[in-house]
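Undergrad: Here you go, one structure.
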Amino acid sequence: MNRKQIASFAFAVALVASLYGWSRRVATNPRPAPVIVEDEKHLVTPEMASASVARIGLAAPGFEKPTAGGATERLEDLLRDGPVLLTFIKVGCPCSESAQSSFNELHAAYPGVAIRGVIDVEAEKARGWADRFHAAYPLLLDPDEDLVRDYGAENSAYVVLIEPGGAIANHWPGYSGPMLRELGALMARLSGTAERPLDFPDAPEELYTGCPYGI
């Protein structure tokens, strides 16, 4: 066997080992089946909707936050590359768990938008949540709920889209299938990309909010 054949064989062995390791990780850590939360106590109220509308057009509060992966991110740096989307996560909230697969779809469809989850725990618990629910984008650590307060996120599953210039393009007090499609269209426009035809089978049809924060 010549040198080229040996190198090809070694590459093939490494590839098989890598695929085996990946399959083992998926098998031992499958994505939990989504729980679609549809009960009256989680419906967005008119007061929540009104408070969200009042924030549209305001300057987005700046931040400098550590991520679950150990980096530090600043809003102004993220905005240099385009729009920023914040999803608010509360560990233990079924709405946060159910919504994650839909936000992963948006992340894959619109890579020109920096999506960040704002999660209310420290790094170790945040990494555990991200692994369990397969969060496809970085999570900003907010155990003291500073960003929760700054962005007026009363509950988890709030969503805020920020324009490249720093203004709040839209502020949603929860999520639903129609809201996610509206969000996708706005993400496409702000990032200058074609709108993707997306379906969100795990999302409720009415606008639902998550569990309350301690603000």
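Undergrad: Hey, does the range 100-115 have a residue that's closer than 20 Å to GLY165 by Cβ and touching a Phe, Trp or Tyr at 6+ places or on another chain (Cβ under 9 Å)?
TA: Checked against the condition, which is being closer than 20 Å to GLY165 by Cβ and touching a Phe, Trp or Tyr at 6+ places or on another chain (Cβ under 9 Å), the range 100-115 yields at least one hit.
Undergrad: A follow-up question, please. For the range 194-215, enumerate the residues that are in a loop (DSSP other than H, G, I, E, B), in contact with a helix residue (DSSP H, G or I) (Cβ under 8 Å, 6 or more places away or on another chain) and in contact (Cβ under 8 Å) with a residue 40 or more places away in the chain.
TA: Matches in the range 194-215: ARG196, LEU198, PHE200, ASP202, ALA203, PRO204, LEU207, THR209, GLY210, CYS211, TYR213, ILE215.
Undergrad: Do the conditions hold for GLU122, that is, is it closer than 17 Å to MET48 by Cβ and touching a residue at least 12 places away in the same chain (Cβ under 8 Å)?
TA: On the way: closer than 17 Å to MET48 by Cβ: no; touching a residue at least 12 places away in the same chain (Cβ under 8 Å): yes.
Criteria not met by GLU122.
Undergrad: If the requirement is being aliphatic (A, V, I, L, M) and touching a helix residue (DSSP H, G or I) at 6+ places or on another chain (Cβ under 8 Å), which of these qualifies: LEU85, LEU78?
TA: Among LEU85, LEU78, only LEU85 is aliphatic (A, V, I, L, M) and touching a helix residue (DSSP H, G or I) at 6+ places or on another chain (Cβ under 8 Å).
Undergrad: Does GLY192 satisfy being at positive phi and modelled with pLDDT of 95 or more?
TA: yes
Undergrad: With the requirement that a residue be out of contact with any helix residue (DSSP H, G or I) (no Cβ under 9 Å at 6 or more places or on another chain) and either of a type outside the set (Lys, Arg) or in contact (Cβ under 8 Å) with a residue 24 or more places away in the chain (or both), what does the range 172-193 give you?
TA: Scanning the range 172-193 gives SER176, PRO178, MET179, GLU182, ALA185, LEU186, LEU190, SER191, GLY192.
Undergrad: As an exercise: evaluate ASP202 against (1) over 15 Å from ARG116 (Cα atoms); (2) modelled with pLDDT of 95 or more and give the number of the one condition it does not meet.
TA: (2)
Undergrad: When the range 112-122 is examined, which residues are found to be under 22 Å from GLY214 (Cβ atoms) and either among the acidic types (Asp, Glu) or in contact with a Leu (Cβ under 6 Å, 6 or more places away or on another chain) (or both)? Working first, answer last.
TA: Applying the first criterion (under 22 Å from GLY214 (Cβ atoms)) to the range 112-122 yields 116-122.
Across the range 112-122, the qualifying residues are ARG116, GLY117, VAL118, ILE119, ASP120, GLU122.
The values are calculated or read from the model by the stated rules, or taken from the named source; none is laboratory data. All figures in this text were calculated on a predicted structure; none of them were measured in a lab. For neighbour counting, all protein chains shown are included, and Cβ atoms are generated from backbone atoms with ideal geometry for every residue, glycine included.
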